[in-house]
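Each value in this text was obtained by applying a stated rule to the coordinates, not by laboratory testing. Since the model is a prediction, treat every value here as computed from it, not as a measurement. FYI the Cβ positions are ideal-geometry reconstructions off the backbone, even for glycines, and counts take in every protein chain you see.
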Amino acid sequence: MVILTNCTVTFGSGSQMINSVIATTSTEVKSITGASNVTLGNVDACAAEGGAQLLTLGGISFSSGLSVYGVQLLAAGDIGFSASGTGVQGVSLVSGGTISGTSGMTMTYCNGAGMEQNFRMSYARLVM
């Protein structure tokens with residue numbers, strides 16, 4: 001499933017997004033948000049397929065309990081997530097601003113597996 005919108009996108013508590021792409025041209029500071037216990041991607045031990053991609057010209061913010069599996073988050077603004085994100089397995093975070101996560105995060109590495117559907121691009125960031 002692919003959704004392209006110019007609106008803000010909100011995930012309700014307990015929402016799941018698997019095998020999907022959601023993109024918004026909204027430039028809001030929090031153009032993609034999620035309540036507690038949102039799951040992005042399929043709990044599949046880094047298997048191919050089952051991931052999810054979120055893209056925005058604004059920022060991304062999730063409340064506590066975020067779980068991500070084979071997920072790509074691309075934001076022109078900031079990316080933030082709150083405490084207790086215990087299901088983080090294979091994630092790519094690209095932000096034009098800052099990436100911020102609070103306490104209680106557990107992340108594991110998939111060595112690139114499960115990320116086959118990610119958008120690929122060349123980019124560089126000059127810091128002075």
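All but one of (1) assigned to a strand (DSSP E or B); (2) within 21 Å of Thr98 (Cα to Cα) hold for Ile3; which doesn't?
Of (1) assigned to a strand (DSSP E or B); (2) within 21 Å of Thr98 (Cα to Cα), only one is false for Ile3: (2).
Among the residues of the stretch 65-81, what is the count of those that are in contact (Cβ under 8 Å) with a residue 40 or more places away in the chain and either aliphatic (A, V, I, L, M) or out of contact with any Phe, Trp or Tyr (no Cβ under 7 Å at 6 or more places or on another chain) (or both)?
Summing the residues that are in contact (Cβ under 8 Å) with a residue 40 or more places away in the chain and either aliphatic (A, V, I, L, M) or out of contact with any Phe, Trp or Tyr (no Cβ under 7 Å at 6 or more places or on another chain) (or both) in the stretch 65-81 gives 7.
For Ser122, state whether it is farther than 20 Å from Thr8 by Cα, hydroxyl-bearing (Ser, Thr, Tyr) and in a loop (DSSP other than H, G, I, E, B).
yes
Part of a strand (DSSP E or B), touching a residue at least 40 places away in the same chain (Cβ under 8 Å) and under 14 Å from the mean Cα position of the chain (by Cα): does that describe Gln117?
When the stated conditions are applied, Gln117 does not pass them.
Just the residues that are surrounded by fewer than 24 Cβ atoms within 10 Å (Cβ to Cβ) and assigned to a loop (DSSP other than H, G, I, E, B), please, taken from the stretch 61-82.
Ser63, Ser64, Gly65, Ala76, Gly77, Asp78, Ser82 - these are the residues of the stretch 61-82 that are surrounded by fewer than 24 Cβ atoms within 10 Å (Cβ to Cβ) and assigned to a loop (DSSP other than H, G, I, E, B).
Test of understanding: among Gly58, Gly97, Gly85, Gly50, which residue is in contact (Cβ under 8 Å) with a residue 24 or more places away in the chain, surrounded by 21 or more Cβ atoms within 10 Å (Cβ to Cβ) and either of a type in the set (Gly, Ala, Ser) or part of a loop (DSSP other than H, G, I, E, B) (or both)?
Gly58
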